[in-house]
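Before any comments, here is the structure.
The values are calculated or read from the model by the stated rules, or taken from the named source; none is laboratory data. These numbers were taken from a predicted model, which means no experiment stands behind them. As a convention, Cβ positions derive from the backbone with ideal geometry for all residues, glycine included, and neighbour counts pool all protein chains shown.
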Amino acid sequence: MTVVRVPRSLWEALRRAHPGTGDDALARACVERGRRALGEDGLRAEFARRTAAALLLRTELLDARGRAREAAARERASYERHLALEREVVPPIRARARELRAAIAGAEADLRARGLDPDAVAPPMPVDALSVDQEPPRYRTPEERRRRAVEFFRRVGGP
């Protein structure tokens, strides 16, 4: 059995042209008419095949463009959510981490003032335990900074 893909818009136009005919009967009639029209003429058959292939490629292109639009919208939403989280969540966490680091440094200074070694009192705090400060990106040149900004806005479709 041969499967023939017909773009939805063309199929709907065909159904409107032949009301009251079921899908199966309409499909059989189309295939039979096509076979009769082609007959023995090889050039006509080749033209029909290539036209159908071009039409299917166009349909696939339109489908792919729709999927690409949806993917771009999802990517933009994820970028916007990430930026919102960076603005809303990270600053309070950074402030709290600074306070905790200052408290730890104060406690260690107090122990040293009493003549005790802070490392001997408790297990040392891992260096990255209170590390939420993110380094801003470092660029070697202003041109690199501009290039990365342009790449970013091309991805998200910004200004």
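When each of R50, R58 is tested for being over 30 Å from V156 (Cα atoms), of a type in the set (K, R) and surrounded by fewer than 12 Cβ atoms within 10 Å (Cβ to Cβ), the lone residue that passes is R50. Where helices (runs of 4 or more DSSP H) fall wholly inside the stretch 1-103, the ranges with 1 or more residues that are within 38 Å of the chain's Cα centre (by Cα) and touching a residue at least 60 places away in the same chain (Cβ under 8 Å) are 42-88.
Condition check for G115 on (1) part of a loop (DSSP other than H, G, I, E, B); (2) modelled with pLDDT of 85 or more; (3) surrounded by 10 or more Cβ atoms within 10 Å (Cβ to Cβ): one failure, at (3).
Selection of first residues in the stretch 115-126 that are closer than 16 Å to A103 by Cα and of second residues that are at pLDDT 80 or above and not in a loop (DSSP other than H, G, I, E, B), restricted to Cβ pairs under 6 Å at least 6 apart or on distinct chains, gives the following pairs, ordered by first then second residue: P118/E108; P118/L111. The condition of being modelled with pLDDT of 85 or more, touching a helix residue (DSSP H, G or I) at 6+ places or on another chain (Cβ under 9 Å) and more than 30 Å from P7 (Cβ to Cβ) holds for only one of Y139, Y79, that being Y79.
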